[in-house]
Amino acid sequence: MKIGVTSYSFSKYLTAGKCGYLKMCDIAKEIGFEGVEFINLRNEKWGETDDEFVIAERIRRHCAEIGLEIISYTVGANLIAADIDREMKNLRHCVEVAEALGAPTMRHDVLYKLRENDTYESVIPEIASLINEISD
């Protein structure tokens, strides 16, 4: 088993401009973590305005240099969104970013909030095929 950390754990440092993703990786390595999970690479509030593919490539190279494993890429999603085509397009884009990052896995949310009169059980048939589509 390897011990890892999520980039979200560094969100206060990132937001305050005390470090960027590469410095965050250095700190994680110094602390003793063996791997890192990244959350939403294009996040302007963390000072990241470059394209996600540029950021992903930079992180992938840096982590390889310092011996820090990239564990996963995690993003938000809402598979009951009013504009599901837009949401699916965004998730497909995120899969490509995860690949550029070199992440062996990608985790995504399935919804943020249930619609009125919905239950988790009632939306499963609606979102299951979409999850399978992204997985493919």
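The values are calculated or read from the model by the stated rules, or taken from the named source; none is laboratory data. Since we're looking at a predicted model, the values are computed, not measured. Neighbour counts are summed over all protein chains in view; Cβ atoms, including those assigned to glycine, are modelled from backbone coordinates with ideal geometry. With ligands, DNA and RNA removed, areas are computed over all heavy atoms of the protein, side chains included. Shrake-Rupley method; radii C 1.70, N 1.55, O 1.52, S 1.80 Å.
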statement: Counting only residues that are on the phi < 0 side of the Ramachandran plot, at pLDDT 95 or above and of a type in the set (Gly, Ala, Ser), segment 80-121 contains a total of 3
message: Being closer than 15 Å to PHE38 by Cα, under 14 Å from the mean Cα position of the chain (by Cα), open to solvent by 20 Å² or more (accessible area, probe 1.4 Å) and of a type outside the set (Val, Ile, Thr) is the requirement here; does ARG107 meet it?
response: yes
task: Looking only at segment 117-130, decide whether some residue is within 19 Å of VAL5 (Cα to Cα) and assigned to a helix (DSSP H, G or I).
output: no
query: Could you say whether any residue in segment 42-50 is free of Cβ contacts under 8 Å to residues at least 60 places away in the same chain, open to solvent by 30 Å² or more (accessible area, probe 1.4 Å) and outside any loop (DSSP other than H, G, I, E, B)?
result: yes
query: Scanning segment 19-41 for residues that are charged (D, E, K, R), touching a helix residue (DSSP H, G or I) at 6+ places or on another chain (Cβ under 8 Å) and farther than 22 Å from VAL95 by Cβ, which turns out least open to solvent (accessible area, probe 1.4 Å)?
result: ASP26
Residue satisfying all of: in segment 81-104; open to solvent by less than 70 Å² (accessible area, probe 1.4 Å) and part of a loop (DSSP other than H, G, I, E, B); farthest from ILE134 (Cα to Cα) among these: GLY102
query: How do the pairs read when you match residues in segment 119-136 that are closer than 22 Å to ARG92 by Cβ and open to solvent by less than 60 Å² (accessible area, probe 1.4 Å) with residues anywhere that are in a helix (DSSP H, G or I) and of a type in the set (Lys, Arg), using Cβ under 9 Å and keeping only pairs 6 or more apart or on different chains?
result: ILE134/ARG92
